[in-house]
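Below is one structure, written out as structure tokens; the observations come after it.
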């Protein structure tokens with residue numbers, strides 16, 4: 001079955017733009033509300049503990065203002081619990097990701113996306129605002145709500161990547177996805193600004209604003225999102241690829257070109273999901289969604305997942321703990337620390353886009369990652385010795401963000417899209433959301449384990465050892481993608497030699 | 001005599017009515033509790049009785065209620081201020097547990113009682129206490145440094161004039177946390193109360209959040225954008 005519209009070169013219509021913007025801003029709002037939690041940690045910690053006093057001095061009076069809340073006896077206990085909450089969130093987020101990827105490939109993406117956004121907004125409202133208005137503080141309630149929040153939020157990422165994958169084909173994927181993957185960092189920046197502006201009224205208002213904003217986003221997505229071109233009768237453009245790179249015999253992941261250079265390929269509109277039919281395969285129904293284990297065994301998925309686990313640990317530790325570290329270590333006010341933590345995300349955006357472009361030009365992704373990660377280790381050493389000057393700190397923070405955030409953004413978006421559309425699938429299976437879910441799920445497990453470790457290391461050994469831990473993790477991620485780097489570099493050398501021989 | 005008596009009765013009735021309007025519930029509890037803790041009325045010759053007759057106050061049990069009018073044109077009733085003096089001397093009290101009902105007292109007389117010791121926290125919150133008369137074996141609450149004048153006359157110990165603890169240079173450790181100021185709260189006691197627009201737990205919150213200004217435009221723009229996108233995007237969507 002072939003639709004009459006096929007065969008056109010699809011232009012980027014306003015539908016493409018709206019799909020880009022809606023998916024972009026869905027994830028922006030999600031990350032903004034996550035950032036809110038990490039930016040108000042100091043205030044929440046103050047709310048949960050009684051005033052600190054020397055042992056000899058009497059407690060402050062009146063008790064309702066200074067001593068009444070003792071969910072935790074002191075700020076160390078509160079800090080540890082905040083780390084536990086981060087871990088719980090990331091674990092349930094990881095579990096949810098594994099499931100949501102599978103669900104997203106089978107259900108209406110728009111419903112899943114709006115449900116995730118709105119549901120998560122309601123849970124965040126209850127967590128931060130309602131408990132404060134009712135003056136009800138309970139450890140188990142917080143844990144339960146945060147588990148629910150992780151599960152609901154996990155629906156968002158695979159859906160947005162799948163929608164983007166439906167609308168934007170392989171041509172220019174590196175650049176478009178690189179630009180689009182800035183959504184996480186833009187969300188962090190937005191969340192930081194929102195939180196720091198509203199914090200003075202009370203942390204409950206920070207939660208209120210971001211959760212209402214997120215709910216509004218869910219409503220807009222429900223009414224405005226088209227999940228694929230097929231919904232308006234469009235087809236995706238024929239796949240010409242960026243430039244046909246010679247396929248090497250043992251290159252198992254031709255990232256930039258797929259089957260375009262083969263003769264007789266026939267473009268067919270198939271449920272709006274772009275598929276390349278080879279030669280004379282019979283027409284068939286909508287491609288089946290891939291099974292979880294098959295997706296996991298696809299080449300490249302495992303090493304990138306493990307590397308992403310280490311990288312996301314470092315990235316998310318910065319994301320969750322940076323304002324806290326800045327205000328505790330340097331004594332800056334929480335609102336100031338929030339604004340400063342924005343620079344890490346700025347570096348991440350620039351890094352993701354530039355490194356995505358470079359890897360597009362080179363045709364290889366792993367070497368770019370390796371170089372960036374090596375430089376990241378140096379940047380971490382530099383940042384850990386940062387002087388208490390805000391300008392220098394911001395500059396070092398941006399540099400670190402560039403070198404760590406860049407690879408992180410690339411792996412989670414462009415590389416996942418590559419893996420989900422690779423040759424090994426031969427267009428016969430729908431794997432994009434599942435692979436995205438696997439990579440991000442493994443990454444989140446790593447990040448989850450890391451959060452708890454960070455708070456334990458910090459309370460027992462101090463912040464310097466936390467930085468050593470980050471450096472070790474960055475090194476580990478290089479180790480995991482070492483086989484891929486070796487393969488790609490060998491491929492590059494062979495191409496060079498082949499080209500030299502031709503001349 | 002009768003004229004004076006009926007005048008007094010009328011005054012009592014008026015006072016009760018005024019107290020009801022101005023929320024003088026504590027004083028009514030007082031009348032049941034502390035004022036009648038021990039028998040009799042204000043003893044002759046005590047400081048309280050001298051003070052009471054000099055200022056033409058009302059005697060009820062062991063209490064002397066002085067009606068001070070703080071006249072304001074619009075609310076005569078609300079401006080009523082009652083000052084209280086409590087005379088518990090010669091009551092055979094061996095222990096004093098709770099005087100909280102009399103926290104607004106200006107004078108308290110506990111002399112001629114076989115009290116062994118007084119808990120310092122008994123007088124927490126007694127910001128208007130200007131005269132405290134104790135048996136000689138007891139010390140002034142908050143120490144001698146908390147009072148302007150401390151003298152011992154025979155069997156009684158006079159503590160006069162509460163000092164503002166917040167102004168004392170001797171109390172160097174009296175630092176209230178951020179956004180709060182020291183206010184006196186009884187002899188030797190202080191409170192840290194939030195300054196200016198700060199409020200809430202630990203005085204962390206400042207100002208009032210402008211809910212309407214934030215959420216009004218947000219709701220409006222959400223509706224607008226949803227309608228716009230639905231018209232341009234989804235209206236012609238076919239179900240896949």
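The values are calculated or read from the model by the stated rules, or taken from the named source; none is laboratory data. What you see is a predicted model, and the numbers here were worked out from it, not measured in a lab. Please note: Cβ atoms are built from the backbone with ideal geometry, for glycine as well, and neighbour counts cover all protein chains shown.
Summary of computed values
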| item | result |
| --- | --- |
| Segment B:100-135: number of residues that are farther than 20 Å from residue B:49 by Cα and in a loop (DSSP other than H, G, I, E, B) | 10 |
| Residue A:27 being away from chain B (no Cβ under 11 Å) and at pLDDT 90 or above | yes |
| Check on residue B:148, more than 7 Å from chain A (Cβ to nearest Cβ), farther than 30 Å from residue A:17 by Cα and not in a loop (DSSP other than H, G, I, E, B) | yes |
| Residues satisfying the stated conditions in segment A:125-162, i.e. within 22 Å of residue A:78 (Cβ to Cβ) and not in a helix (DSSP H, G or I) | A:134, A:135, A:136, A:137, A:138 |
| Count of segment A:179-225 residues which are in contact with a strand residue (DSSP E or B) (Cβ under 9 Å, 6 or more places away or on another chain) and without any contact (Cβ under 8 Å) to a residue 40 or more places away in the chain | 1 |
| Among (1) within 27 Å of residue A:493 (Cα to Cα); (2) modelled with pLDDT under 85; (3) crowded, with 24+ Cβ neighbours inside 10 Å - the single one residue A:376 does not satisfy | (2) |
| Criterion: modelled with pLDDT under 90 and exposed (fewer than 14 other Cβ atoms within 10 Å of the Cβ) - qualifying residue of A:503, A:484, A:419 | A:503 |
| Criterion violated by residue A:55 - all others in (1) farther than 20 Å from residue A:328 by Cβ; (2) at pLDDT below 80; (3) within 11 Å of another protein chain (Cβ to nearest Cβ) satisfied | (3) |
| Spans of strands (runs of 3 or more DSSP E) in segment B:156-240 with at least 2 residues in contact with a helix residue (DSSP H, G or I) (Cβ under 6 Å, 6 or more places away or on another chain) and within 8 Å of chain A (Cβ to nearest Cβ) | B:190-194 |
| Members of segment A:364-396 found to be out of contact with any helix residue (DSSP H, G or I) (no Cβ under 6 Å at 6 or more places or on another chain) and not in a helix (DSSP H, G or I), listed by number | A:385, A:387, A:388, A:389 |
| Flag for residue A:20 being within 14 Å of chain B (Cβ to nearest Cβ) and touching a strand residue (DSSP E or B) at 6+ places or on another chain (Cβ under 9 Å) | no |
| Among (1) surrounded by fewer than 20 Cβ atoms within 10 Å (Cβ to Cβ); (2) in contact with a strand residue (DSSP E or B) (Cβ under 9 Å, 6 or more places away or on another chain); (3) at pLDDT 50 or above - the single one residue A:229 does not satisfy | (1) |
| Subset of segment A:444-455 [over 20 Å from the mean Cα position of the chain (by Cα) and at pLDDT 85 or above] | A:453 |
| Residue that is surrounded by fewer than 24 Cβ atoms within 10 Å (Cβ to Cβ), touching a helix residue (DSSP H, G or I) at 6+ places or on another chain (Cβ under 7 Å), assigned to a helix (DSSP H, G or I) and within 13 Å of chain B (Cβ to nearest Cβ), where the choices are A:206, A:216 | A:216 |
| Residue within segment A:83-103 that is touching a residue at least 24 places away in the same chain (Cβ under 8 Å) and within 14 Å of another protein chain (Cβ to nearest Cβ) present | no |
| Which numbered condition residue A:78 fails, given (1) in a helix (DSSP H, G or I); (2) closer than 30 Å to residue A:165 by Cα; (3) within 14 Å of chain B (Cβ to nearest Cβ) | (2) |
